[in-house]
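What follows is calculated from the coordinates using simple rules that are stated; it is not laboratory data. It should be emphasised that the depicted structure is a prediction, and the values quoted were computed from it without experimental measurement. Using ideal geometry, Cβ is built from the backbone for each residue, glycine included, and neighbour counts are taken over all protein chains shown.
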Amino acid sequence: MVVRHKPVLFIDFDRTLFDTDLFYEWLGDERFSRLLDLTACKIDPPDFAGMVYSDSVPFLVRMKETHRLVLLTFAMNTALQRRKVRGSGLVHYFDDIIMTQGAKGDEAKYYLESTGDTGWEHAFIDDAPLNIDSVKMVNPHITCIRIDRTPLPPDQLEANLRPPDFIVETLGAALHVI
């Protein structure tokens, strides 16, 4: 029996699948103390599932048919990120979840090498130009898509960064370029 592997789609969490700005609104002016209280389970969490962008679930359902889905998320506070990801209701769509404090390009390379799937037409979706640059630098064969849900400040659009292969405003639009 021949096992057929699917190409990998690495997907960012914050501002790609999850409305982080809405979460920050929920935190309010006392953001840092509320983050500490939330992480320590001193206050009830918000409805994280209600903070998932409306196009996230339909996109994940569709892409799961053709790709191995890997959540690749940066987490300064791993406990908080785990709560957000679990509370989002999206965990079961993913084949693997990687939470990193390092460069996403290195994590993608390590994942592909560890699974033996370096030769496929893999893709990566993220909102941050620095993460796109990191993945393109280490994995030039991966198709990189920057999702532009909210306008970025000009200082985050540095000219010396490797550009994405595509820029989309919604995950629905990403379906047409993957």
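Annotations
- Share, in percent, of DSSP beta bridges within the range 19-178 that are antiparallel, nearest 5: 0 percent
- Nearest-0.05 FRET efficiency for Val138 and Ala173, computed from C-beta distance (R0 30 Å): 0.70
- Fully extended contour minus Cα-Cα distance, from Glu30 to Thr100, at 0.36 nm per residue: 22.6 nm
- Debye equation applied to the C-alpha atoms of the chain, log10 I(q)/I(0) at 0.08, 0.12, 0.13, 0.14 Å⁻¹: -0.25, -0.56, -0.66, -0.76
- By the count of neighbouring beta-carbon atoms within 10 Å, fewest first, Leu71, Leu161 end up ordered Leu161, Leu71.
- Net charge of Cβ neighbours under 10 Å - reference Phe94; Lys, Arg +1; Asp, Glu -1: 0
- Max mean-square fluctuation residue, GNM over the chain, Cα-Cα springs under 10 Å, options His141, His92, His122: His92
- Summing charges over neighbours of Leu60, with a neighbour being any other residue whose Cβ is under 15 Å away from its Cβ, gives -1 when K and R count +1 and D and E count -1.
- Environment charge of Gly50, counting only residues whose C-beta is closer than 14 Å and scoring Lys/Arg +1, Asp/Glu -1: -4
- Global geometry of the range 58-161, whether rounded, prolate or oblate, following the gyration tensor of its Cα atoms and the 1.5 cut on a/c: rounded
- GluC sites (Glu not before Pro) within the range 72-178, DSSP loop, no more than 16 other Cβ atoms inside 10 Å: Glu121, Glu158, Glu169
- In the range 1-63, the C-alpha radius of gyration followed by the widest Cα-Cα span (Dmax) gives 16.6, 58 angstrom.
- Protection-proxy order for peptides 125-137, 45-57, each taking the mean of Cβ atoms within 10 Å per residue, highest first: 125-137, 45-57
- For the chain, a simple Cβ point-charge model (Lys and Arg +1, Asp and Glu -1, everything else neutral) yields a dipole of about 520 debye relative to the Cα centre.
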